[in-house]
Amino acid sequence: MQGLIKEMEHYAQENNVPIIQKESIVYIMKYIKEHNIKSILEIGSAIGYSAILMASVSDDIKLTTIERDQTRYMECLKNIKKSEMEKKITVLYQDALEVNLTGVSYDLIFIDAAKGQNINFFEKYKNFLNEGGTIITDNMDFHGMVGKSSEIESKNLRELVQKIENYIEYLKNNDEFNTEFLSIGDGLSVSTRKED
């Protein structure tokens, strides 16, 4: 398994594929263990790096991950096969905003896809969260740019960072969820539904 993880890290670096930072995935794996999480939905598989690590926490975890980029989807399938976790991990090749899920719910939803769509992902998938479930979002600091969008010269990048800033405001003002913002890796938000 370690060999595969190293191989994936190398592939990600060589091919410029963004994968979760080490300390972030370590935190999430610990969270999964401590909260006895059994079902996970990941939005944004990339090459399957975080999916494989999350699913490896315990034997009875079932994970579904969604990826819309064909090259990454194929790479993800290949890596899951190598990890021998095909029975635990389901990969959907689709845009996460177009996926129709029925009759499923999850203990943990992990959002790590198109940053500009975070609010839409959150709004859509919060309905598939089990009671006491959690939504974790990665890249909340976005390489230290969040909070400094006015200083960014590139229009596209500035708009993207502004969308992350809007998402942070959305979470802070969300009546349904309590959100904790953590300075781990590239920044994580951990949102849990408020008790009635």
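The values are calculated or read from the model by the stated rules, or taken from the named source; none is laboratory data. Predicted, not measured: the structure shown is a model, and the values here were computed from it. As a convention, Cβ positions derive from the backbone with ideal geometry for all residues, glycine included, and neighbour counts pool all protein chains shown. Protein only, heavy atoms only, side chains kept; ligands, DNA and RNA dropped before computing areas. Shrake-Rupley method; radii C 1.70, N 1.55, O 1.52, S 1.80 Å.
Taking region 159-175 as the range and being of a type outside the set (Asp, Glu) and either open to solvent by less than 50 Å² (accessible area, probe 1.4 Å) or assigned to a helix (DSSP H, G or I) (or both) as the test, the residues that pass are Leu160, Val161, Gln162, Lys163, Ile164, Asn166, Tyr167, Ile168, Tyr170, Leu171, Lys172, Asn174. No other residue among Asn178, Asn100, Asn156 is open to solvent by 70 Å² or more (accessible area, probe 1.4 Å) and more than 22 Å from Arg68 (Cβ to Cβ) apart from Asn178.
Among the candidates Thr64, Thr71, Thr90, the residue that is farther than 21 Å from Ile109 by Cβ, open to solvent by 10 Å² or more (accessible area, probe 1.4 Å) and among the β-branched types (Val, Ile, Thr) is uniquely Thr71. On the basis of being closer than 22 Å to Arg72 by Cβ, in contact (Cβ under 8 Å) with a residue 24 or more places away in the chain, assigned to a helix (DSSP H, G or I) and open to solvent by less than 10 Å² (accessible area, probe 1.4 Å), does Met8 make the cut? Yes.
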